[in-house]
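These notes concern the structure reproduced below.
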Amino acid sequence: MIQPESLASSTIEGEPPGDVSWLLPERRHPYYIVAPRYVRTSAGIKVLHLLCHALNRLGERAYLITYPYYPATYATNPELNTPLLTQRVLEYDFEAGLAPIVVYPETVPGNPFHAPFVVRYVLNFPGLLGGDTTYGEDEFCVTYSEHLAKSVYNSRLTLFLPASDPRVFHPYPRVPRKGSCFYAGKYKYHHGGELYEITNNSVEITRDQPDSPTPGQIADLFRRSEVFYTYENTALAIEALLCECPVVFLPNPYLDHIIGIEEHGWDGIAWGYDDSDIERAKNTVHNASEHYLELFAVFSKMLRGFVAQTQEAANQRTYLEPLIIPQSRAPNFCVRLGEAFETGHQMLVDKGFLETAKRATKKILRNRFKF
């Protein structure tokens, strides 16, 4: 009979280690990340999905809860390790006494799932895009940037996650730059703000519209533009910098500070349209990409600190009542019908009528003839 001591220490060359911990999972509190369906054009949503992915890559157990509810078919990015929370996982964690660490973004008010331990991930100024303006003492508050930490009095730490892909957004050498482009998504369509004269002759970048450009097309536009104007905090600003296109933030009632400026620095960035400041941005934009790449290593270290602190805090919480998350239960006919409607509607928005009809016909034929 093999004794535990020999099992823990024995190894054979070319075979997996004999350490018990290599095979048997460690008891760790799971992470349930509350986020809307994946939208590549939303920086905040990408950060939440990437956080789930990063935690799983780190060896933790992390799951997504789509909120508002969205059918699983199009809720996640297939390239990311972001499994959706199921009823089986819920029941297992409760029976094992593993209090889930539920991460809510600042846009979700309160604690709708009655989680025993809440992490509030503040990705934008509290209350600006919905949600509460202050957070309870029992919530573990984490802010996306150092500046946001100043607006959350009980912030525990900063977790700045670089969400823009430098493999897509990078400069082309010796491409002549001409003209400008701008973005005013929430400023124009949500707040109803009036555009400034300086962007009258600029190319507008839109998102989530049938004719909105793809990431590749946006990157090409940034590589050929002299400057990018933005009326709000947006990941497009980082993507422009990665393409060595200077960024000009246009102050307005909904933009009084740049989120992440302490992390990114001012290279390539101008505040307002003062000519000298824009010239400084043009002369320093080449430094921005290198600085951004350094943030990946910083995030890795910060994430480990986040895990250590949240696991310790969750150890102090008692998991007395299981979370009730309606979408994790087995769907009935009405839910399936709702899923089909939502999926069809989203495909109409994203793909248009002809492509939707083609895919629907193909699925019906496949189900009918089993091919």
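If the condition is being open to solvent by less than 10 Å² (accessible area, probe 1.4 Å) and farther than 9 Å from HIS170 by Cα, then region 235-250 contributes LEU236, ALA237, CYS245, PRO246, VAL247, VAL248, PHE249, LEU250. Condition test on LEU255, is it modelled with pLDDT of 90 or more, aliphatic (A, V, I, L, M) and more than 20 Å from PRO173 (Cα to Cα)? When the stated conditions are applied, LEU255 passes them. Looking at GLU137, is it closer than 21 Å to ALA308 by Cα and either touching a Ser or Thr at 6+ places or on another chain (Cβ under 7 Å) or surrounded by fewer than 21 Cβ atoms within 10 Å (Cβ to Cβ) (or both)? In short, yes.
Considering (1) aliphatic (A, V, I, L, M); (2) touching a strand residue (DSSP E or B) at 6+ places or on another chain (Cβ under 9 Å); (3) modelled with pLDDT of 95 or more, the lone condition that ILE45 does not fulfil carries the number (3).
Filtering region 39-74 to residues that are farther than 23 Å from GLY185 by Cβ, within 15 Å of the chain's Cα centre (by Cα) and in a helix (DSSP H, G or I) leaves CYS52, HIS53, ALA54, LEU55, ASN56.
Being open to solvent by less than 80 Å² (accessible area, probe 1.4 Å), modelled with pLDDT of 90 or more, assigned to a loop (DSSP other than H, G, I, E, B) and hydrophobic (A, V, I, L, M, F, W, C) is the requirement here; does ILE278 meet it? No, not satisfied. Looking across region 251-273, the residues that are over 16 Å from THR230 (Cβ atoms) and surrounded by fewer than 19 Cβ atoms within 10 Å (Cβ to Cβ) come down to GLU262, GLY265. Where strands (runs of 3 or more DSSP E) fall entirely within region 103-178, none has at least 2 residues that are without any contact (Cβ under 8 Å) to a residue 24 or more places away in the chain and under 29 Å from LYS282 (Cβ atoms).
Of the numbered criteria (1) in a helix (DSSP H, G or I); (2) touching a strand residue (DSSP E or B) at 6+ places or on another chain (Cβ under 8 Å); (3) farther than 19 Å from GLY44 by Cα; (4) open to solvent by less than 60 Å² (accessible area, probe 1.4 Å), the one THR284 fails is (2). Of all residues in region 108-162, those that are over 27 Å from VAL298 (Cα atoms) and of a type outside the set (Val, Ile, Thr) total 17. Among the residues making up region 249-258, those that are touching a residue at least 40 places away in the same chain (Cβ under 8 Å) and not in a loop (DSSP other than H, G, I, E, B) are ASN252, LEU255.
Restricting attention to region 287-320 and to residues that are assigned to a loop (DSSP other than H, G, I, E, B) and open to solvent by 60 Å² or more (accessible area, probe 1.4 Å), the residue that is modelled with the highest pLDDT turns out to be ASN315. If you go through region 44-73 and keep only what is surrounded by fewer than 16 Cβ atoms within 10 Å (Cβ to Cβ), under 30 Å from ILE259 (Cβ atoms) and in contact (Cβ under 8 Å) with a residue 60 or more places away in the chain, you end up with just LEU58.
Assessment of region 80-96 against the conditions (of a type in the set (Gly, Ala, Ser) and surrounded by 14 or more Cβ atoms within 10 Å (Cβ to Cβ)) yields no matching residue. Looking across region 121-134 at every residue that is of a type in the set (A, V, I, L, M) and crowded, with 18+ Cβ neighbours inside 10 Å, the one that is farthest from LEU50 (Cα to Cα) is identified as VAL122. The set of residues in region 195-234 being under 14 Å from LYS178 (Cβ atoms), open to solvent by less than 30 Å² (accessible area, probe 1.4 Å) and either polar (S, T, N, Q) or in a loop (DSSP other than H, G, I, E, B) (or both) consists of SER202, SER225.
The values are calculated or read from the model by the stated rules, or taken from the named source; none is laboratory data. This is a predicted model, so every value here is computed, not measured. When we count neighbours, we look across all protein chains shown, and the Cβ atoms used for this are built from the backbone with ideal geometry, even at glycine. When the accessible area is computed, the model is the full protein with side chains, heavy atoms only, and any ligands, DNA or RNA have been set aside. Shrake-Rupley method; radii C 1.70, N 1.55, O 1.52, S 1.80 Å.
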